[in-house]
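**Q** So that we are looking at the same thing, I have put the structure below in structure tokens.
The values are calculated or read from the model by the stated rules, or taken from the named source; none is laboratory data. Everything quoted here is computed from the prediction, not taken from an experiment. In this analysis, Cβ positions are derived from the backbone assuming ideal geometry, glycine residues included, and neighbour counts consider all displayed protein chains.
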């Protein structure tokens with residue numbers, strides 16, 4: 001997200017390229033269980049092409065968050081193959097994992113902001129970890145992005161002093177600031193008003209236009225209609241594909 005502009009925070013970043021036609025994400029016959037329980041995901045086959053955008057829909061408890069955990073490599077599958085950036089995840093060493101995870105931007109429902117850091121410091125973390133930018137560059141781009149998402153007056157506030165919607169915006173800013181190759185977002189517009197939700201969606205879509213692969217989990221059946229992209233639907237731990245318009249019918253009760 002570095003080298004952006006005021007009107008287009010995603011604007012000046014370089015488009016990502018994966019060598020050849022290697023997909024960004026591949027899941028083949030994947031199952032997942034917690035401890036010794038039954039599988040919460042089973043027979044998952046999914047391919048996300050580099051630069052693609054997909055919605056992930058399904059009722060609460062369908063397994064959306066579990067699938068995202070697999071893709072962040074925070075949980076291992078009980079069976080099957082997961083490939084990220086052309087690498088078999090089961091073959092990654094503990095030394096290689098941090099570099100892989102740095103290529104992934106994450107927005108989970110618990111947001112994960114660090115309580116002892118200010119909004120500015122939380123959002124700056126991915127850039128500091130990357131060690132590619134000096135302090136002034138980081139400070140300038142973090143402040144610019146936070147101002148763009150409406151947090152210009154909350155730069156020095158701690159998470160305890162932010163509303164739910166403000167925390168949501170800070171978490172999204174942190175996820176996108178370093179221009180990840182893969183963005184995994186769990187209900188990124190769930191705690192903001194309609195106007196801000198539209199603005200955040202356009203930011204995510206602009207990142208996608210420039211090459212970031214996006215998987216966005218949502219209960220909002222209207223999002224795939226207003227911003228059409230392919231829809232993946234989880235039900236009973238299995239994954240299917242529906243059309244953007246079909247997503248409304250695929251989420252009983254409109255996604256509540």
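**Q** If you take the residues of segment 116-133 that are closer than 15 Å to residue 178 by Cβ and part of a loop (DSSP other than H, G, I, E, B), which of them is modelled with the highest pLDDT?
**A** Per the criteria, the residue is 133.
**Q** Also, quick follow-up: Tell me, yes or no, whether segment 160-169 has at least one residue that is closer than 16 Å to residue 126 by Cα and not in a loop (DSSP other than H, G, I, E, B).
**A** yes
**Q** Now for a different question. If the requirement is being more than 22 Å from residue 194 (Cα to Cα), touching a strand residue (DSSP E or B) at 6+ places or on another chain (Cβ under 7 Å) and modelled with pLDDT under 95, which of these qualifies: 103, 109, 95, 91?
**A** Only one candidate passes the filter, namely 103.
**Q** Give the number of residues within segment 209-233 that are surrounded by fewer than 17 Cβ atoms within 10 Å (Cβ to Cβ) and in contact with a strand residue (DSSP E or B) (Cβ under 8 Å, 6 or more places away or on another chain).
**A** 2
**Q** Looking only at strands (runs of 3 or more DSSP E) that fall completely inside segment 171-256, which ones have 3 or more residues that are under 15 Å from the mean Cα position of the chain (by Cα) and modelled with pLDDT of 90 or more?
**A** Result: 182-186, 213-217.
**Q** Residue check: is residue 51 assigned to a loop (DSSP other than H, G, I, E, B) and at pLDDT 85 or above?
**A** When the stated conditions are applied, residue 51 passes them.
**Q** Could I ask something else about it? Give the residues of segment 139-166 that are closer than 18 Å to residue 178 by Cα and touching a residue at least 40 places away in the same chain (Cβ under 8 Å), sorted by residue number.
**A** Residues satisfying the conditions are 141, 144, 145, 148, 149.
**Q** Of all residues in segment 63-97, count the ones that are under 19 Å from residue 239 (Cα atoms) and part of a helix (DSSP H, G or I).
**A** Final tally of qualifying residues: 8.
**Q** A follow-up question, please. Consider segment 86-118. How many of its residues are surrounded by 14 or more Cβ atoms within 10 Å (Cβ to Cβ), touching a helix residue (DSSP H, G or I) at 6+ places or on another chain (Cβ under 7 Å) and over 21 Å from residue 218 (Cα atoms)?
**A** Of the residues in segment 86-118, 2 are surrounded by 14 or more Cβ atoms within 10 Å (Cβ to Cβ), touching a helix residue (DSSP H, G or I) at 6+ places or on another chain (Cβ under 7 Å) and over 21 Å from residue 218 (Cα atoms).
**Q** Looking at residue 29, is it more than 28 Å from residue 146 (Cβ to Cβ), modelled with pLDDT under 90 and either part of a loop (DSSP other than H, G, I, E, B) or over 19 Å from the mean Cα position of the chain (by Cα) (or both)?
**A** Spelling it out, it is not the case that residue 29 is more than 28 Å from residue 146 (Cβ to Cβ), modelled with pLDDT under 90 and either part of a loop (DSSP other than H, G, I, E, B) or over 19 Å from the mean Cα position of the chain (by Cα) (or both).
**Q** Would you check which residues across segment 190-208 are closer than 24 Å to residue 46 by Cα and either free of Cβ contacts under 8 Å to residues at least 12 places away in the same chain or buried (at least 21 other Cβ atoms within 10 Å of the Cβ) (or both) and list them?
**A** 204, 207
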